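Can you keep this structure in mind? I'll have questions shortly.
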Amino acid sequence: MSKYLLNKFLYTVDRDPELVERYRTDPTGTVEWWEANQANTLLNCVSGESSTWLRFEDAERAALAAHDHPKLFELGAHPFLTLTLFIAMFERDHEGLGFQRQYAERLAHFSLPYPDIAT
């Protein structure tokens, strides 16, 4: 399992409005495309440099494809990265702070100590 890769996905998708919309409407396709084309690029580096070994585990891929932020948190994704991306995707579907409240309610079953989010 790679918390780094989960967080990298959330971080890079959140910074591209077109990818945010693509992930909202086609999560499975976006996850597959991103894993094949972006997972092994070096973050914030010159193009052309890459790695070859980073892959999502099945549980990570499934949670990303399902927009399952509680499962992503359980797997070690940073909650601020999921929150900012999911706000960009779903806040428009709720009034006021409706999405943020729903996000918090879906994570309410976690108690201290929280899952380790260190990468």
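At least 1 residues that are touching a Pro at 6+ places or on another chain (Cβ under 9 Å) and at pLDDT 95 or above in each: list the helices (runs of 4 or more DSSP H) lying fully within segment 5-104 that qualify.
Correct list: 58-65.
I'd like the residue in segment 105-119 that is among the charged types (D, E, K, R) and either surrounded by fewer than 12 Cβ atoms within 10 Å (Cβ to Cβ) or farther than 18 Å from HIS67 by Cα (or both) and, out of all such residues, is modelled with the lowest pLDDT.
ASP116
Name the single residue, out of those in segment 68-99 being under 10 Å from the mean Cα position of the chain (by Cα) and within 16 Å of GLU21 (Cβ to Cβ), that is surrounded by the fewest Cβ atoms within 10 Å (Cβ to Cβ).
The extreme case among them is THR84.
The values are calculated or read from the model by the stated rules, or taken from the named source; none is laboratory data. The structure presented is a predicted model; accordingly, all values stated were derived computationally and were not measured. Methodologically, a virtual Cβ is constructed for each residue, glycine included, from the backbone with ideal geometry; neighbour enumeration extends over all protein chains shown.
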